[in-house]
Structure formats: C-alpha cells, structure tokens
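> What follows is a single structure, and I will ask about it in a moment.
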Amino acid sequence: MLKGKTALITGSTSGIGRGYARALAAQGANVTINGFGDAAAIEKERVGIEKEFGVRAFYSPADMTKPAEIADMVHTTEKTFGSLDVLINNAGIQFVSPIEEFPIEKWDQIIAINLSSAFHAIRAAVPGMKARKWGRIISTASAHSLVASPFKAAYVSAKHGIAGLTKTVALELATFGITVNCISPGYVWTPLVEKQIPDTMKARNMTEEQVKRDVLLAAQPTKEFVTVEEVAALAVYLCSDSAKAITGANLSIDGGWTAE
Ligand code: NAD
C-alpha cells in the first residue's frame with residue numbers, strides 16, 4: 001500500500017513507535033527511525049527492518065527537544081528518500097509528581113518532547129507534502145488528551161495540546177490531500193508505562209500490583225493493556241486511501257477508558 005512512500009516516525013527505537021515503523025515498512029514504505037538507545041541495538045533494528053520488509057531504513061538521532069535537529073531530520077529524510085509522505089509524531093516521556101513538587105525542568109522537557117516537537121516536525125514536513133498534494137500526519141496523543149489523571153500535569157497538558165494542534169493543522173491542510181489525525185491509546189504495555197510504576201507507587205503509596213490493577217487497568221474497562229500492534233494497525237489504516245476523509249480526528253483506542 002505504501003510502496004514508494006516514505007514515513008518518518010519520531011521515538012521509534014522502542015514501544016509504540018517501533019510498532020509503527022515495522023507496520024509501515026511491512027506496507028512497503030521506506031522509514032526514518034528516531035529515538036535514543038543503545039547504538040548497536042538501534043543499528044540491528046534498522047538493518048532488521050530493511051531485511052525483513054525489503055525497504056530502506058535510515059536512523060536519525062535527532063533530539064526532540066532541539067528544533068533545529070528536528071527540521072534537519074525532516075530535510076535529511078526528504079534528501080535520502082526523495083520525499084516525506086507520512087509523519088508520525090510519537091516521541092514522548094512521562095513524569096509523575098504532585099503539582100507543587102513538579103520539577104520545572106521536567107515540565108519544560110515534557111512540553112518540548114511531547115508537544116513542541118510535533119509542531120517543529122509538522123512545520124518542516126508540510127511544504128513537501130503540499131507540493132506533492134499527498135500526506136498523512138499522525139500524532140500519538142493519549143487517553144490523557146481527553147481526560148486527566150492526578151500527578152501528570154505536564155503530560156496531560158501536552159497531550160491536550162496535541163489534540164488542539166491536530167485539529168488546527170487538519171483545517172489548514174484539508175484541501176491539499178493531507179490528513180492530520182491523532183491516535184489516543186489507553187495503557188499500552190511499553191517501557192514508558194513500566195518506568196512510571198515506581199513513581200506512581202511512591203506518589204500513591206501502593207505496591208506494584210496495586211498500581212497495575214487499581215491505577216492503570218482500573219481506568220480500562222476491558223482490563224487488558226492495548227497492544228503496540230493494535231495501535232500500529234490503526235495508523236496503517238489512516239495511511240490508506242479509504243481513510244482520506246478522516247482528518248482532524250482524535251481516535252481513541254483505549255479499551256473503553258474514555259467512554260466512562
Ligand atoms: P517508549 O518509552 O517505549 O518509547 C518512547 C520513544 O521516544 C523511545 O524511542 C525514546 O527513545 C524516544 N524519545 C524519548 N525522548 C526523546 C527525545 N528527546 N528525542 C527523540 N526521541 C526521544 O514509550 P511508548 O509507550 O512507546 O510511547 C510512545 C508514545 O505513545 C508517547 O508519545 C506516549 O506518550 C504515547 N502513549 C503511550 C501510552 C502507553 O500506555 N504506553 C499510552 C498513550 C500514549
């Protein structure tokens with residue numbers, strides 16, 4: 001479906017982003033992967049994508065807190081593959097703390113990575129998409145773009161921001177063959193979720209099992225974590241021609257969480 005097209009996925013060395021990269025490569029897209037991690041493991045992943053799916057994969061180490069590096073990643077992708085057709089803004093981090101103790105630098109970092117990086121990447125990618133009259137811009141928002149949880153001030157604010165940015169850009173690009181949507185997962189079992197368990201245990205004075213059952217899956221009526229593959233399949237659908245009328249949407253994939 002995406003043969004001859006190029007996808008760039010921020011934060012794709014792990015978790016949901018890695019799932020998007022593999023799913024889009026499976027559809028024939030060349031991919032730019034991005035994110036932090038062990039250099040040898042990233043290179044293994046990059047080469048693995050090329051071999052498994054018969055596409056080309058490029059790795060950009062751009063730091064999503066640095067606007068110039070983000071723009072450079074977009075332009076390098078265009079130069080390497082000839083176009084950037086699918087942009088997925090996915091890099092994200094979490095920090096859990098009561099508001100009065102929330103470290104100022106953590107607020108700034110989360111707003112930069114989880115919200116502003118999407119603005120910078122979209123800003124750089126849109127001219128090429130407009131010129132080619134085709135594009136798909138997808139951002140990983142969260143159930144926390146629709147509802148809040150205590151102790152996650154920066155994350156919830158950034159994700160609500162992604163929902164607003166998505167709607168705004170969708171309106172601007174509606175007549176250019178470019179759709180702009182966000183996907184809002186509930187709890188997906190990835191390193192991001194695993195890492196916040198110790199802080200949530202401390203903030204709420206709970207055991208690990210209590211955090212999983214009474215905090216994480218308590219919010220999710222299905223009582224099951226969403227899978228990376230399910231989220232990636234939704235992104236693949238949004239890239240299809242059948243989804244060309246879907247724009248400005250915030251698509252929940254949250255086991256019923258935000259229905260409550
Ligand atoms: P993850 O920790 O597995 O992956 C995060 C990725 O972002 C990694 O590749 C990491 O290297 C990258 N990253 C972090 N900081 C970066 C920076 N400064 N520059 C470049 N890359 C950076 O997390 P995940 O669970 O896969 O989360 C991916 C996205 O999905 C995030 O935006 C997150 O908020 C969102 N999300 C996750 C869940 C969940 O339950 N896991 C639910 C809803 C939304």
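> List residues of the range 4-29, by number, whose backbone nitrogen lies under 19 Å from a label position 7 Å along Cα→C-beta of VAL47.
13-14, 22
> While we're on this one: Gain in length, THR168 to LYS202, computed as 0.36 nm per residue apart minus the alpha-carbon separation, to one decimal in nm?
Difference between extended and current length: 8.4 nm.
> Pop a pseudo-label 7 angstrom from the Cα along the beta-carbon direction at both ARG56 and ASP38 and give the gap in nm to one decimal.
Roughly 2.9 nm, to one decimal.
> Now for a separate question. Expressed as an acute angle from 0 to 90° and rounded to the nearest 10, what is the orientation of the C-alpha long axis of helix 39-53 relative to the principal long axis of the chain?
It works out to around 60 degrees.
> Could I ask something else about it? Normalised by the residues of the chain, what does the relative contact order come to in percent, with Cα pairs under 8 Å and at least six apart?
Reported relative contact order: 19 percent.
> Under the rule a/c < 1.5 gives rounded, and otherwise a/b versus b/c splits prolate from oblate, where does the range 31-90 land using the Cα gyration tensor?
The shape class here is oblate.
> If you don't mind, there's one more thing I want to ask. Mark the label point 7 Å from the Cα of LYS244 along Cα→Cβ and return the residues of the range 125-161 whose backbone N is within less than 13 Å of it.
Residues passing the 13 Å test: 133-136.
> Can you give the translational diffusion coefficient of the range 151-232 in µm²/s, computed by Stokes-Einstein from the Kirkwood radius over Cα pairs at 20 °C and 1.002 mPa s?
Taking Rh from Cα pairs, D becomes 144 µm²/s.
> Taking the Cβ of each residue in VAL193, VAL211 as the centre, tally the other Cβ atoms inside 10 Å and list the residues starting with the fewest.
Lowest to highest Cβ neighbour count: VAL193, VAL211.
> Rounded to a whole number, what is D in µm²/s for the range 74-114 from Stokes-Einstein with the Kirkwood radius over alpha-carbon pairs (4 °C, 1.567 mPa s)?
After rounding, the answer is 102 µm²/s.
> Mind jotting down the three principal axis lengths of the range 108-260 based on Cα atoms? Whole angstrom, largest first.
54, 33, 25
> In Å and from the alpha-carbon atoms only, list the Rg and Dmax of the chain.
When restricted to Cα atoms, the chain yields Rg and Dmax of 17.7, 54 Å.
> Using 1/(1 + (r/R0)^6) with R0 = 30 angstrom and r between the beta carbons of GLU100 and TRP189, what's the FRET efficiency to the nearest 0.05?
For GLU100 and TRP189, the calculated efficiency is 0.45.
> Return the long-range amide H neighbours of LYS5 (sequence gap of 5 or more, or a different chain), with a cut-off of under 5 Å between placed amide H atoms.
Close amide H contacts, sequence-distant or interchain: ASN30.
> Follow-up question, since we're still on this one. Fewest to most neighbouring Cβ within 10 Å: what's the order for LEU115, LEU84?
Ranked by crowding around the Cβ, least crowded first: LEU115, LEU84.
> Between PHE176 and THR80, what is the spin-label point distance in nm, taking each point 7 Å from the Cα along the Cα→C-beta axis?
It is 2.3 nm.
> What ratio of Cα Rg to 2.2 N^0.38 Å holds for the range 1-139?
1.06
> Related question: For GLN109 and ALA68 in one chain, what is 0.36 nm times their gap in residues minus the Cα-Cα distance, to one decimal in nm?
Length gained between GLN109 and ALA68: 13.2 nm.
> Further, regarding this structure: If I fit a long axis through the Cα atoms of helix 67-81 and take the longest principal axis of the Cα atoms of the chain, what angle between them do I get, 0 to 90°, rounded to 10?
40
Read-outs throughout are calculated quantities, based only on the coordinates presented, and are distinct from any laboratory measurement. Being a predicted model, the structure only gives us computed values, none of them experimental. Glycine also receives a Cβ, built like all others from the backbone with ideal geometry; neighbour counts cover every protein chain displayed.
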